[in-house]
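The values are calculated or read from the model by the stated rules, or taken from the named source; none is laboratory data. Keep in mind the model is a prediction, meaning the values are calculated, not measured. Note: ideal-geometry Cβ built from the backbone for every residue, glycine included; neighbour counts use all protein chains shown.
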Amino acid sequence: MSEGAYVLRSNVTDWSDEKLWKAHIQLTQAKAAFRINKDQLCVRPIWHQRADRVQAHILVCFLAFVLWKTLEMWQQRAGLGNSPRTLLEEFARIQSHDVILPIPAQGEIRHSGPVIAPPPPKAPSPRRAIRRCVARSRPPPTR
C-alpha cells in the first residue's frame, strides 16, 4: 500500500500548518453536518421574515443534528453500526395503544403501553423458490 499526500492551499499566512489543518477538518465536519440535515433529517432551508424565527429555526436544526450524532455515538458504543437511520426505522415501528377491558362489576381495566408492530413479511427470494422446485422434482431416494 502506498502513502498519499494531501495538499491544502490557503491565503492565510499567519497560521501554523496544524491550525490550518484543524480548520479544514472543522469545515469538512460542518459540511457533513449540513449534508446530514438535508439528506437524513430532511431539513430544508425555510425563508423566515423575522430574526427570532430564523434563530429558532437554526436552533431546531442544530438540536436535530446533535440528537443524530448522539444516536450515532450510542450505536457505535453498543456495537450496532453507525447509522441512526436504522434506529429511527425501528423506532417508527413502535406504537402506543390503550387496551380497555370492560368488567361489569368493577368498571374497566385500562393498560397503556408500547406495542411493537411485527416486521413486514419478507418476499421469498427467487433462488429459494427455485431450490424448492428442484427439491420437489427430485425422485425420492431408493433403499
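Annotations for the structure displayed:
- Some residue of the stretch 127-140 being under 30 Å from Phe34 (Cβ atoms) and either modelled with pLDDT under 80 or surrounded by fewer than 10 Cβ atoms within 10 Å (Cβ to Cβ) (or both): no
- Number of the exception - Arg110 against (1) in contact with an Asp or Glu (Cβ under 7 Å, 6 or more places away or on another chain); (2) part of a helix (DSSP H, G or I); (3) not acidic (Asp, Glu): (2)
- Criterion (farther than 19 Å from Ile36 by Cα and modelled with pLDDT of 75 or more) met by exactly one of Ile58, Ile109, Ile116: Ile109
- Considering (1) touching a residue at least 12 places away in the same chain (Cβ under 8 Å); (2) among the hydrophobic types (A, V, I, L, M, F, W, C); (3) in a helix (DSSP H, G or I), the lone condition that Val66 does not fulfil carries the number (1).
- Check on Leu87, in a helix (DSSP H, G or I), at pLDDT 85 or above, hydrophobic (A, V, I, L, M, F, W, C) and closer than 30 Å to His111 by Cβ: no
- Inclusion of Leu71 among residues that are within 30 Å of His111 (Cβ to Cβ) and either surrounded by 10 or more Cβ atoms within 10 Å (Cβ to Cβ) or touching a helix residue (DSSP H, G or I) at 6+ places or on another chain (Cβ under 7 Å) (or both) is warranted.
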